[in-house]
Amino acid sequence: MSGGVDSSVAAWMMGEEGYEVVGLFMRNGVKVEESESRKKSCCSTSDARDARMVASKLGLAFHSIDLGKEFRDIITYFLDEYAKGRTPNPCAVCNRDLKFDELLRFADELGAEGIATGHYARHSIIDGRVQIRRGVDRSKDQSYQLFCVAEENLMRTRLPLGGLQKSEVRAMAGEVGLRTASKADSQEICFVPSNDYRELLDKEGRELHPGRFVDTAGRVIGTHKGTEHFTIGQRRGHGIGGGKVLYVVELNPEEGTVVLGERNEAQFDSMSVAQLNWIGIDVSAGDELRADVQHRYHCTPAPATIEVLGAEARVHFDEPQLAVTSGQGAAFYEGDQLLGGGWISSTRRVAGAGVPGDRARG
């Protein structure tokens, strides 16, 4: 229970189904000003209070779990990825390592059957295998963020909100009298309440990689304070004008280089995906399958061919895709069913794009 409306209603629904429910709140050890925590954050002191009050309203036992060390590991991963010129996905890592792993261990200590969360995704067990499908409310669908969660952990999971619209969830909360009924959704990374990760880089005293902006022909067109301030596909905030809309198409921290190009130069035709995780299906090295591939949380899945090489795969898009980024997750779908996915380890821009040096960046 995060102290938001979704997990509050999920807890109520599980109780209505006859389960004995225990509320769990994860403390992340990050100190957040209350004025900031009320701006759509989660895991703050006020969120803990809301979660506890909802549990009391529903008559549930409640535990607050200190996962400060584990969250510190996620923060370190987050900052390290930017230092490597990659774009991290801390929410997926949190799902994999904490919400659907650490909490299951705590559930075992309590003698609980499993865990339930407020994710907007549909869950079912068919012929002894778990299936994850997109949530009915496509604007809130969170199935993408489950691409790296182990199938055996998903087997012990329930996702009661997957078949509901967000408006229905809020209505339920109001009818039941939950204090979170009108609470704003959390939207930013929980340990970056300002929603500007650059502030965290500064706060943590991270050494940056300053250098030059260059165009795709290798011409120097400006300077910057650190490659960590940019992500692939970014088209604002670099301060380089000239009448053209320019995108970040490559980052090279070792050289301090940020390559800018026009939209057609920010197109990628394939990528390598590591640490594959399959959900509900069996796939072996040498297999080739067709799927719709979603290469970041907010993008439209694209048809592609996946060559399975073992623990890694090569994904070939039918049509070039904008801003495919190393470090992000790649989720594989058949229709609305999540087949699994992995972490983008390297990418290849469309041939002839003209970026100096090696185009495959890990």
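The table below lists the values:
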{"quantity": "Cross-chain or 6+ apart pairs with Cβ under 6 Å, segment 60-86 first and in the same structural domain as LEU103 (by TED's automatic domain parsing), then of a type in the set (Ser, Thr, Tyr)", "calculated": "GLY85/THR227; ARG86/SER326"}
{"quantity": "Every residue from segment 138-158 that is in contact with a Gly (Cβ under 9 Å, 6 or more places away or on another chain) and of a type in the set (D, E, K, R)", "calculated": "ASP141, GLU151, ARG156, ARG158"}
{"quantity": "Residue match in segment 126-136 (condition: β-branched (Val, Ile, Thr) and in a loop (DSSP other than H, G, I, E, B))", "calculated": "yes"}
{"quantity": "Number of positions in segment 109-123 that are part of a loop (DSSP other than H, G, I, E, B) and over 21 Å from GLN145 (Cα atoms)", "calculated": "3"}
{"quantity": "Segment 173-219, subset hydrophobic (A, V, I, L, M, F, W, C) and exposed (fewer than 15 other Cβ atoms within 10 Å of the Cβ), residue nearest to THR87 (Cα to Cα)", "calculated": "ALA217"}
{"quantity": "Filter result for SER167 (surrounded by fewer than 20 Cβ atoms within 10 Å (Cβ to Cβ), modelled with pLDDT of 95 or more, in the same structural domain as GLN131 (by TED's automatic domain parsing) and not β-branched (Val, Ile, Thr))", "calculated": "yes"}
{"quantity": "All positions within segment 44-69 that are out of contact with any strand residue (DSSP E or B) (no Cβ under 7 Å at 6 or more places or on another chain) and surrounded by fewer than 18 Cβ atoms within 10 Å (Cβ to Cβ)", "calculated": "THR45, SER46, ARG49, MET53, SER56, LYS57, GLY59, LYS69"}
{"quantity": "Considering residues of segment 120-141 that are without any contact (Cβ under 8 Å) to a residue 24 or more places away in the chain and closer than 21 Å to ARG296 by Cα only, the residue farthest from the chain's Cα centre (by Cα)", "calculated": "ARG138"}
{"quantity": "Within segment 70-123, considering residues that are in contact with a strand residue (DSSP E or B) (Cβ under 8 Å, 6 or more places away or on another chain) and among the β-branched types (Val, Ile, Thr), the one surrounded by the fewest Cβ atoms within 10 Å (Cβ to Cβ)", "calculated": "ILE115"}
{"quantity": "Qualifying residue in segment 143-157 (condition: surrounded by 16 or more Cβ atoms within 10 Å (Cβ to Cβ), touching a Cys at 6+ places or on another chain (Cβ under 9 Å), under 25 Å from PHE106 (Cβ atoms) and of a type outside the set (Asp, Glu))", "calculated": "yes"}
{"quantity": "Filter pass, ILE65 being closer than 21 Å to PRO193 by Cα, of a type outside the set (Lys, Arg) and at pLDDT 95 or above", "calculated": "no"}
{"quantity": "Subset of segment 239-257 (residues that are touching a helix residue (DSSP H, G or I) at 6+ places or on another chain (Cβ under 6 Å) and either at pLDDT below 95 or over 28 Å from THR305 (Cβ atoms) (or both))", "calculated": "PRO253"}
{"quantity": "The lone exception for HIS238 - which of (1) buried (at least 20 other Cβ atoms within 10 Å of the Cβ); (2) not charged (D, E, K, R); (3) not in a strand (DSSP E or B) it fails", "calculated": "(1)"}
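So that you can scan it fast, the table gives a plain yes or no per residue for (1) in contact with a helix residue (DSSP H, G or I) (Cβ under 9 Å, 6 or more places away or on another chain); (2) part of a loop (DSSP other than H, G, I, E, B); (3) within 15 Å of GLU20 (Cα to Cα):
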site: PHE62; (1), (2), (3): yes, no, yes
site: ILE75; (1), (2), (3): yes, no, no
site: PHE78; (1), (2), (3): yes, no, no
site: VAL93; (1), (2), (3): yes, no, no
site: ALA107; (1), (2), (3): no, no, yes
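Quick grid of which residues meet (1) closer than 25 Å to GLU262 by Cβ; (2) in contact with a Phe, Trp or Tyr (Cβ under 6 Å, 6 or more places away or on another chain); (3) not in a loop (DSSP other than H, G, I, E, B):
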{"site": "SER167", "(1), (2), (3)": "no, no, yes"}
{"site": "ALA173", "(1), (2), (3)": "no, no, yes"}
{"site": "THR180", "(1), (2), (3)": "no, no, no"}
{"site": "ASP185", "(1), (2), (3)": "no, no, no"}
{"site": "GLU199", "(1), (2), (3)": "no, no, yes"}
{"site": "LEU208", "(1), (2), (3)": "no, no, no"}
{"site": "ALA217", "(1), (2), (3)": "yes, no, no"}
{"site": "THR223", "(1), (2), (3)": "yes, no, yes"}
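The values are calculated or read from the model by the stated rules, or taken from the named source; none is laboratory data. Only a predicted model underlies this, so the values are computations on that prediction, with no experimental measurement involved. Cβ coordinates were reconstructed from backbone atoms using ideal geometry, including for glycine residues, and neighbour counts include every protein chain displayed.
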